[in-house]
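Everything on this sheet refers to the single structure shown next.
The values are calculated or read from the model by the stated rules, or taken from the named source; none is laboratory data. Note that this is a predicted model, so its numbers are computed, not measured. Note that we place each Cβ from the backbone using ideal geometry, even for glycine, and neighbour counts take in every protein chain shown.
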Amino acid sequence: MHMYKDFYRLRERPFSKTPDPRFLYLSKGHREALARLQYVIEEREMALLTGEIGCGKTTLSRALMDSMGDSCRFCFIVNPRLNALEFLRSIARSLLPTPPAEEKEGLLNQIADALYMLHNEGVCPVVIIDEAQLISEGEIFDEIRLLTNYQLDDMNLLSVILMGQPELRNMLANPRFEPLKQRITMHYHLAPLEMDDILDYLDYRLEVAGGASGLFTPDAVQRIFELSGGVPRRINLLATNAILEGYGRDAAMLDGAIIDSVASELLI
């Protein structure tokens with residue numbers, strides 16, 4: 001199965017689905033999003049990051065974690081379909097060495113203690129909620145807002161990043177969430193990659209995997225752009241299938257015809 005790696009002189013799979021920060025190609029949009037998120041964390045504020053499925057939000061959050069190092073304690077909520085108590089328990093669990101309390105009052109006391117303790121250690125807690133459009137209980141949005149009430153000398157004690165698909169913006173447009181929305185200091189939408197970005201993206205990932213740039217011809221890049229709409233997850237799917245197809249054809253380079261022959265895979 002991995003003979004194609006030898007054929008194209010690759011050490012590893014260049015277009016794997018895993019959100020490995022080494023493979024994160026920072027387009028102009030990604031770089032701007034990363035810089036803004038870093039600023040939001042430094043200022044202990046709240047951010048809203050939206051993007052279509054597969055635009056690289058989760059991978060970007062991993063890069064953010066790497067870039068901030070030990071100055072932050074990250075709390076990742078990847079299943080936002082929790083109820084409010086489970087949500088608070090997840091946060092307490094990631095901030096505390098001790099088991100989280102059973103009831104809400106105890107949890108809030110634990111979280112408050114942890115926030116002050118981390119503040120004294122010079123560490124910024126960052127709560128990242130992925131796929132936040134899946135939050136089904138409005139009460140969780142209320143708890144998120146209340147978390148931002150923890151302050152000392154007019155400075156917030158934690159930073160919150162809401163990440164999700166574009167419909168998250170529509171959800172937050174509900175008047176009920178206006179108090180939360182007013183706390184959000186940064187709104188950023190991660191757009192799909194442009195044509196120029198796609199060429200650089202493909203070459204970058206090939207090189208990280210040990211291969212050479214230029215494997216995809218200009219007409220292949222054009223077809224990938226048209227078929228993927230610039231969404232990295234779709235680009236990866238097309239590129240992976242093109243490499244397998246190219247290997248099967250003994251093709252030294254991957255052209256538009258090869259991309260067209262694997263285009264149907266996108267429909268699955």
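Taking the conditions exactly as written (surrounded by fewer than 19 Cβ atoms within 10 Å (Cβ to Cβ) and either under 30 Å from S228 (Cα atoms) or free of Cβ contacts under 8 Å to residues at least 40 places away in the same chain (or both)), does I111 satisfy them or not? Judged against the criteria, I111 is not a match. For the range 62-83, how many residues meet the condition of being modelled with pLDDT under 90 and surrounded by 15 or more Cβ atoms within 10 Å (Cβ to Cβ)? Matching residues across the range 62-83 total 4.
Note on the range 35-61: among residues that are surrounded by fewer than 18 Cβ atoms within 10 Å (Cβ to Cβ) and part of a helix (DSSP H, G or I), the one that is nearest to the chain's Cα centre (by Cα) is T58.
Residue count for the range 164-184, restricted to those that are in contact with a Gly (Cβ under 8 Å, 6 or more places away or on another chain) and within 18 Å of R36 (Cα to Cα): 0. One residue alone among R81, R73 is among the basic types (K, R) and not in a loop (DSSP other than H, G, I, E, B), and that residue is R73. For the range 226-254, which residues satisfy the criterion of being of a type in the set (V, I, T) and crowded, with 22+ Cβ neighbours inside 10 Å? Within the range 226-254, I235, I243 qualify. Among the residues making up the range 116-167, a single one is surrounded by 13 or more Cβ atoms within 10 Å (Cβ to Cβ), of a type in the set (D, E, K, R) and free of Cβ contacts under 8 Å to residues at least 40 places away in the same chain: R145.
Of all residues in the range 181-225, exactly one satisfies the criterion of being among the hydroxyl-bearing types (S, T, Y), surrounded by fewer than 16 Cβ atoms within 10 Å (Cβ to Cβ) and in contact (Cβ under 8 Å) with a residue 60 or more places away in the chain, namely T185.
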